[in-house]
Structure formats: C-alpha cells, structure tokens
Amino acid sequence: MNIAHLSYLRCPTCHSALSHMSGNDETGWVVCDAQHRFAIQYGVLDLLGPARPQSLAAQSNEWPITAWAYERLWRPYALSILSGQSFPLTRELDYICGDIRQPRVIVDVACSNGLYARAMQTAYRDAQVIGIDRAWPMLLEAQRRARRARLPISYVRADARALPIHDRSIDVITVGGSWNEMEQGDVVVQELTRISRPFAYLRSMGLTASDKRVGQVIQGLAASGGVHFPAPDALVSLLAAYDWSVTNQQQHGIVQLIKAQQRG
C-alpha cells in the first residue's frame, strides 16, 4: 500500500478522509476523520471486512487456488479461446493502455491479479495506480506480482458498488473481464461516473451474449453460478446514460472491448 495514495481514498462508512495511523505500508492501520479503523495486511488495505460472496463465481474468487491459477493458466489464453482468433495479451494491453493523455490517477476496478494495473503503471510511470477488488486472495497475488515488478501500485479491498474513492478524482478507469460477475451493473457505472474527473477515460473488456446455440447453452449454465452475458449494446447504452461517450468499440466473437470518455 502506497501511503501517499490515501489522499484519493475515503472511508467506506462515513466517506470522510483517510490518514495513516500506525505501522507502515506493509502492516499497519488507517483511520478516518470519524475514527473508523482499517487494517493494512501484507501490503493490502482492507476497507471491506468479512467476505460476503453472493454467487458461486464470487465464492470461487475467494479460493487461493483460483488466484494462483488465474494469470498462470487462464488469462494469457482467455481472449484467444473466447474470441476464436489469435488474441495475445500484448494486443489486449496495447488497446487498454493506448490513447490516454498524461494520466495522473488510474484505478483498476475489480482488478483480480492486477493485470491492467501493472500494464498501466508500466505504460505511465508517473501516474498513481490503485487496484480494487473484493477477493482477498486475488489482491494478495496482485500485490506479490506488483512487488516483483517493482511497481508502486496500491491494492485496496472494496466493492465496486461502493468505491472508497473521493468524487471526481480519477483520470482513468479500467475494468477487465469482471463486468460478467458484477451484481448491479448500473450501480457500478454510477460509481465509476462519480469518481471520474471531467473527460476521464474508461477502458473495458467484457463478454457478451453468444449468437451460437452451443454458446447459449454454456452461458445459460454459467448464469446459474452468477456469471451473466449481456447483449452487445447493453453496456454501451448504460454508459451513455451516465454521460460516457464510447470512442471505440470492438467485438471479437463474444469478447467486447470498449474505449469511452466522460463528456465533462
């Protein structure tokens, strides 16, 4: 946890400012103006408390084996498998990180192992990067990866539906593949809008509904575990309702990539 990043964060209970109380960026305590206390453990700031997964998909993210396997066994090959074409990570990350002007503060929402957070910090060395997820094992793995790469990213445990970030303070938001597991997507987009500065950038990757029978059957089974697959225009329409202008949209099979910007 980079203590300097506390200036962008707020208490999830009362929304007041946070400050460092004791310890260091690896183990310690953070306190808000109203004296609510939150722990830093293994370099991760926990602003959420006990895990409350609401679906099988959310529960699986709380398993250490899932966090261990995610970037080792799945993520490097995921878009090639899901799109039906060669889609290496370099291509995806070039899309996500490109066309952004001098960002100061970047937030990777539902960051999992912090893939986008690390890519953004590498591309924009002077930016302040914060990764947020609600699964503790994912955040621990993200912190380990950032530390090995010597990247000063802060990882925070919180819910995307109640982001512990001050209003109008963020220049860039990334969301990679987590739309499909989020509950209340409209609330999440409302939160993304609240924390965004005028003309902030959004970079997004998600999966949409399949138009093939086999895909529809598989997606129907996945829905019972809390994974949903919206129509290709659903997220675009939702973003437009909150004053996001989609500047680029790509559809590769069921993989949807979106670049958007706040209208200001």
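The values are calculated or read from the model by the stated rules, or taken from the named source; none is laboratory data. Computed from a prediction, not measured in an experiment: that's the story for all the values here. Cβ: placed from backbone, ideal geometry, glycine included. Neighbour counts: every protein chain shown.
Considering the stretch 165-208, the residues that are within 16 Å of SER245 (Cα to Cα) and of a type in the set (Lys, Arg) include one that is nearest to the chain's Cα centre (by Cα), namely ARG203. Give the residues of the stretch 205-235 that are of a type in the set (A, V, I, L, M), surrounded by fewer than 20 Cβ atoms within 10 Å (Cβ to Cβ) and in contact with a Phe, Trp or Tyr (Cβ under 9 Å, 6 or more places away or on another chain), sorted by residue number. Across the stretch 205-235, the qualifying residues are ALA209, ALA222, ALA223. Tallying residues that are of a type in the set (A, V, I, L, M, F, W, C), within 28 Å of ALA4 (Cβ to Cβ) and in a helix (DSSP H, G or I) within the stretch 44-74 yields 1.
Look at the stretch 32-43: where a residue is touching a residue at least 12 places away in the same chain (Cβ under 8 Å) and a partner is part of a loop (DSSP other than H, G, I, E, B) and of a type in the set (Ser, Thr, Tyr), sitting 6+ places away or on another chain with Cβ atoms under 7 Å, you get CYS32/SER16; ASP33/SER16; ALA34/SER16; HIS36/THR13; ILE40/THR27; GLN41/THR27.
Within the stretch 84-99, one or more residues are in contact with a helix residue (DSSP H, G or I) (Cβ under 7 Å, 6 or more places away or on another chain), touching a residue at least 60 places away in the same chain (Cβ under 8 Å) and not in a helix (DSSP H, G or I). So, SER245, is that one in a strand (DSSP E or B), farther than 15 Å from VAL175 by Cα and modelled with pLDDT of 95 or more or not? It is true that SER245 is in a strand (DSSP E or B), farther than 15 Å from VAL175 by Cα and modelled with pLDDT of 95 or more. Pick from the stretch 236-264 the residues that are of a type in the set (D, E, K, R) and over 16 Å from ILE96 (Cβ atoms): which of them is surrounded by the most Cβ atoms within 10 Å (Cβ to Cβ)? The qualifying residue surrounded by the most Cβ atoms within 10 Å (Cβ to Cβ) is ASP243.
The residue list ARG37, ARG75 contains one member that is touching a strand residue (DSSP E or B) at 6+ places or on another chain (Cβ under 7 Å) and modelled with pLDDT of 95 or more, which is ARG37.
Of all residues in the stretch 209-232, those being within 23 Å of the chain's Cα centre (by Cα) and closer than 18 Å to ALA78 by Cα number 6. Total residues in the stretch 142-187 satisfying the condition of being assigned to a loop (DSSP other than H, G, I, E, B) and either of a type in the set (A, V, I, L, M) or in contact (Cβ under 8 Å) with a residue 24 or more places away in the chain (or both): the figure is 16.
I'd like the residue in the stretch 42-76 that is among the small types (Gly, Ala, Ser) and more than 22 Å from LEU221 (Cβ to Cβ) and, out of all such residues, is surrounded by the fewest Cβ atoms within 10 Å (Cβ to Cβ).
Residues of the stretch 42-76 among the small types (Gly, Ala, Ser): 43, 49, 51, 55, 57-58, 60, 67, 69.
Now narrow it down to the ones that are more than 22 Å from LEU221 (Cβ to Cβ): 43, 49, 51, 67.
On the way: GLY43: 21, GLY49: 10, ALA51: 14, ALA67: 24.
Only one residue tops the list, namely GLY49.
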